[in-house]
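Just so it is clear, none of the values below were taken in a lab; they were calculated from the coordinates. Here the structure is a predicted model, which means the values were calculated and not measured. Backbone-built Cβ (ideal geometry, glycine too); neighbour counts: all protein chains shown.
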Amino acid sequence: MANFYAARYARALLDVLEGSQADLEAANRELGDFDEAWCGSVALRNVWLDPSFPARQKVDLLDKLNGRLGLSGPVRNFLAVILNHERIGGWAEILGEFRKLLRGDLAIDKVEWTSARALGEAERREVEARIHALTGRGVEATFREDPALLGGARLQIGSTVYDASVRGRLDALKETLAGG
């Protein structure tokens, strides 16, 4: 499926939801639950992707699955539309586009934190809280370990990099001494 269609479906769902941040996050969790079912069952995917099965049977299968997932009306209806229009083959793209749009609507920054040592869970939460306090936006952080930094950390928010690592300071000192 072309990204054009995935983006259109994702935008349509976001427009229908138009709720609070909690409603949007709940819908995102529900889509994640559906995605787990989608990824976890080859038989389910085979039925939904098979054009010989009528759309009504596919939606009935969705409704049976919904008995276990407990999807909200808008999310269930959105998935039924995708099934009825034979767009379920592009599910991964649609979900990806929805989450990309959701991050923008909820003002969530994707950040990458690289440190010389691995951080514990409490330290990760503290880093996310501090970044949130500084930016005033939500944070979706990826944490990496790079012993070559020697100490300190490097933070990337979008295209901006803040380097407070020992390796970064040594490289800056080297540049200063070489240039001067």
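Within segment 76-97, how many residues are part of a loop (DSSP other than H, G, I, E, B) and of a type outside the set (Lys, Arg)? Write out each step before concluding.
Of segment 76-97, the ones part of a loop (DSSP other than H, G, I, E, B) are 85-87.
Remaining after also requiring of a type outside the set (Lys, Arg): 85-86.
So the count comes out to 2.
Look through Arg137, Arg167 and report the one residue that is surrounded by 12 or more Cβ atoms within 10 Å (Cβ to Cβ), in contact (Cβ under 8 Å) with a residue 24 or more places away in the chain and not polar (S, T, N, Q). Result of the check over Arg137, Arg167: Arg137.
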